[in-house]
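Q: Dropping the structure in here first, questions after.
The values are calculated or read from the model by the stated rules, or taken from the named source; none is laboratory data. Just so we're clear, the structure is a prediction, and the values are computed from it rather than from any experiment. No Cβ is skipped: glycine too gets one built from the backbone with ideal geometry, and neighbour counts run over all protein chains shown.
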């Protein structure tokens, strides 16, 4: 009987999916280079090389950073440490914010500094949801983001009107400002993010106003999954998959979406 029980356990375990293996630094950087082929030419596990020959270190040598320090002083590797979950959204665990750790030097090199006019030189105008809303929106052309958002817009236009209503009017694209709780530049500062309809959106700071310090933030979301799926197919991550959620927010981060 004991042997038969062990055999049953082994059989059940064989049917379970394998545990996910943590990616090595080299694998993370491989994904980064593949995600931005027009900007990056390669890496040597310690640094990345840009197409113009610039070499940038990927680690700052500081290990075991607390969460607040990761938000404010993330290295290039830090910004890829937390895996972005695929599939329908579920309330994230405390401080699981895949994509909120951003190395400011990396993104300024990629898109320019909005404070000096560099970002504006790469802006192009697209029409967001031309059949439903049709307002002009300025977004960056770097990494083909403008063209990708045109495709996103076209796919959202094909949704049922009740779902499509969550995508307009938008709350903004380009905004040269820091993130409220980090002091670091928002992806809106690079015109590489878009915020959708404010009326059907939820934001962790709004939800947490009535909560005492140290209390778990209650998760809220009204953004249709169909819209999230469309954005993710085109390389944009969604702020609704963060513990510190921002459900109107989508930003172009293809390195976090590669399977």
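Q: I'd like the residue in the stretch 145-178 that is without any contact (Cβ under 8 Å) to a residue 12 or more places away in the chain and over 15 Å from residue 226 (Cβ atoms) and, out of all such residues, is surrounded by the fewest Cβ atoms within 10 Å (Cβ to Cβ).
A: Among those that are without any contact (Cβ under 8 Å) to a residue 12 or more places away in the chain and over 15 Å from residue 226 (Cβ atoms), it is 178.
Q: Of the residues that sit in the stretch 74-106 and are surrounded by 15 or more Cβ atoms within 10 Å (Cβ to Cβ) and at positive phi, which one is farthest from the chain's Cα centre (by Cα)?
A: 95
Q: Let me ask another. Considering 145, 217, 194, which residue is out of contact with any strand residue (DSSP E or B) (no Cβ under 6 Å at 6 or more places or on another chain) and at negative phi?
A: 217
Q: Name the single residue that is surrounded by the fewest Cβ atoms within 10 Å (Cβ to Cβ) among those in the stretch 109-140 being out of contact with any helix residue (DSSP H, G or I) (no Cβ under 8 Å at 6 or more places or on another chain), touching a residue at least 24 places away in the same chain (Cβ under 8 Å) and farther than 28 Å from residue 166 by Cα.
A: 115
Q: Let me spell it out: the conditions are (1) under 26 Å from residue 144 (Cβ atoms); (2) modelled with pLDDT of 95 or more, and residue 44 meets all of them except one. Which number is the exception?
A: The failed condition is (1).
Q: Keeping to the stretch 236-259, report how many residues are within 19 Å of residue 170 (Cα to Cα), outside any strand (DSSP E or B) and in contact with a helix residue (DSSP H, G or I) (Cβ under 8 Å, 6 or more places away or on another chain).
A: 4
Q: Touching a strand residue (DSSP E or B) at 6+ places or on another chain (Cβ under 6 Å) and within 18 Å of residue 142 (Cα to Cα), is that true of residue 54?
A: Taking the combined requirement at face value, the residue does not satisfy it.
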